[in-house]
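Structure, as structure tokens:
The values are calculated or read from the model by the stated rules, or taken from the named source; none is laboratory data. Small disclaimer: the values here were computed from a predicted structure and weren't measured. Heads up, the Cβs are rebuilt from the backbone with ideal geometry, glycines too, and the neighbour counts pull from every protein chain shown. Accessible surface areas use protein heavy atoms only, side chains included; no ligands, DNA or RNA. Shrake-Rupley method; radii C 1.70, N 1.55, O 1.52, S 1.80 Å.
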Amino acid sequence: MALLDRHIGSPGVTSFHARRFARQERGESTYLVAWLDGRPVGNAEMRWTGCDAPDVRAARPGCPETGGLGVWPEELRSRGIGTGLVRAADNPARERGITVAGPGVAKDNPRAAALHARLGYRPLTDYLDRWTYEGTDGIAHECVDPCAFLVRELS
């Protein structure tokens, strides 16, 4: 966990990696990490429980969510790492017999939207993604990001 937190940090003192691994241990998700030369350079999580947003759950009940996609440092972006993570996340979904999955993409992230469009994802619904983290000040901070949930049939 320390290696992930050192190379792919989380805001404040909350380790996103620890939270994702805990969900995986409970069987709620599959957490994927991309490695290059012995260091983590990207991550993605397939959440079997789906997106928490009521708008998404109503629009596509039971749809798993590919979340937490990221590649670091920035100079490694646009080299296929994100594409590889998305495709790798689809594999365990197919193994479970799941036929559709999708990510939430922040409205202010055109690169992620373009990546997913290239991979065949189409808009389903807009929603507000809400998440929290504990800051270095010990205070819980709630974040709200306008997002679009995208879906793609898995073949």
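Accessible surface computed residue by residue for segment 64-124, with neighbouring protein chains in place and a 1.4 Å probe, gives 53 Å² per residue. For segment 1-83, the set of trypsin sites (Lys or Arg not before Pro) satisfying both a DSSP loop assignment and a count of at most 11 other C-beta atoms within 10 Å is given as 26. Here nothing in the chain passes the span test, since no DSSP H helix has an alpha carbon length of 24 Å or more along the helix axis and a Kyte-Doolittle mean of 1.0 or above. Globularity index of segment 28-88 is 1.28 (Cα radius of gyration / 2.2 N^0.38 Å, N = number of residues). Under 5 Å between amide hydrogens, built in the peptide plane, is the criterion, and for residue 129 it picks out 145, 147 among residues at least 5 positions away or on other chains. The three principal axes of the Cα atoms in segment 1-65 give end-to-end lengths of 41, 25, 19 Å, sorted in falling order. Projecting the Cα atoms of 99, 127, 50 onto the charge dipole of the chain (Cβ charges, centred on the Cα centre) puts 99 farthest toward the positive pole. Taking Cα centre as origin and charging only the Cβ of basic (Lys, Arg, +1) and acidic (Asp, Glu, -1) residues, the dipole magnitude of segment 54-127 rounds to 220 debye. For the chain, the alpha-carbon coordinates run over 39, 36, 32 Å along the three principal axes, in decreasing order.
With helices as the sole contributors, the chain gives -8500 deg cm²/dmol at 222 nm; each DSSP H run of n ≥ 4 counts as -39500 (n - 2.57), and the sum is divided by every residue.
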